[in-house]
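*Asks:* Pasting a structure below so you can have a look.
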Amino acid sequence: MAFPAKAEIMLADVTWRSKKNVETIGELDAVLDAISREVSPERPQAVDIGRANGDCLTLVIGAKSGCILNFVAASGDPPYFASVGDPAAEGVFTFFVAEDHHSEAPAWQVVSHADARQAVHEFVSLPSGLPRAVTWCMT
């Protein structure tokens, strides 16, 4: 008698340089921590986190000042959402996509490392919707 193949369990896919499937919050944290150790504070990097329904949360990590988050629904259609940190913050937050593509976001989108990580945990734990650990605005 043949047994069915074990179903692959996915909590999330983490993409930076390559795609990694993670099955637990612990594995997710280990992957994000490893990426953080590789990233220079002068070149924060965008990391895509996809959950089972296809939604994507982009987490920019590596900066000393904090992180930014962007949310795109599985459809790819608007509305799009960005994190809101200090609404009075001025200037820009510079980061890189795909390691070398320069990008910028308003400095008011920067949230603390702890709040960003909590939002990531909520994101992968929810079947849909935005995490509540941070405030969001439509972009």
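The numbers here are math on the coordinates, done by the rules we state, and not lab data. What you see is a predicted model; the values in this text were computed from it and never measured. Note that each Cβ is placed from the backbone with ideal geometry, even for glycine, and that neighbours are counted across all protein chains shown.
*Asks:* When a footprinting reagent is the concern and you count Cβ atoms within 10 Å, what order do Cys67, Cys137, Cys56 take, fewest first?
*Replies:* Cys137, Cys56, Cys67
*Asks:* Right, next: For every other residue with a beta carbon closer than 15 angstrom to the beta carbon of Ala119, add +1 if it is Lys or Arg and -1 if Asp or Glu, then tell me the sum.
*Replies:* Spelling it out: positives minus negatives among the neighbours equals -2.
*Asks:* What is the angle, in °, between the Cα long axis of helix 25-38 and the longest principal axis of the Cα atoms in the chain? Nearest 10 is fine, range 0 to 90.
*Replies:* The angle comes out near 50 degrees.
*Asks:* Turning to a different aspect of this structure: For a label point 7 Å from the Cα of Thr15 along Cα→C-beta, name the residues of the stretch 83-114 whose backbone N is under 18 Å from it.
*Replies:* Residues 96-103 fall inside that zone.
*Asks:* Next question. Helix 113-125 sits at what angle to the longest principal axis of the chain, using alpha carbons and giving 0 to 90 degrees rounded to 10?
*Replies:* 30 degrees
*Asks:* Quick check: pseudo-label points 7 Å beyond the Cα along Cα→Cβ at Thr24 and Glu90, how many nm apart are they?
*Replies:* About 4.8 nm separates the two model spin labels.
*Asks:* Could you give the longest part of the chain that holds none of the GluC sites (Glu not before Pro) found in DSSP loops with at most 16 neighbouring Cβ atoms within 10 Å?
*Replies:* By the stated rule (loop sites, at most 16 other Cβ atoms within 10 Å), 43-89.
*Asks:* Give the residue list of trypsin sites (Lys or Arg not before Pro) in the stretch 62-139 that are DSSP loop and have at most 16 other beta-carbon atoms within 10 angstrom.
*Replies:* Loop-located and lightly packed - Lys64, Arg132.
*Asks:* Taking the chain, how much of its Cα-Cα pair set, in percent, is spaced more than 20 angstrom apart?
*Replies:* Considering the chain, 45 percent of its Cα-Cα pairs are separated by more than 20 Å.
*Asks:* Please label the shape of the stretch 32-93 as rounded, prolate or oblate, based on the square roots a ≥ b ≥ c of the eigenvalues of the alpha-carbon gyration tensor (a/c under 1.5 means rounded; beyond that, a/b larger than b/c means prolate, else oblate).
*Replies:* Judged from the Cα gyration tensor, the stretch 32-93 comes out oblate (a/c at least 1.5, b/c at or above a/b).
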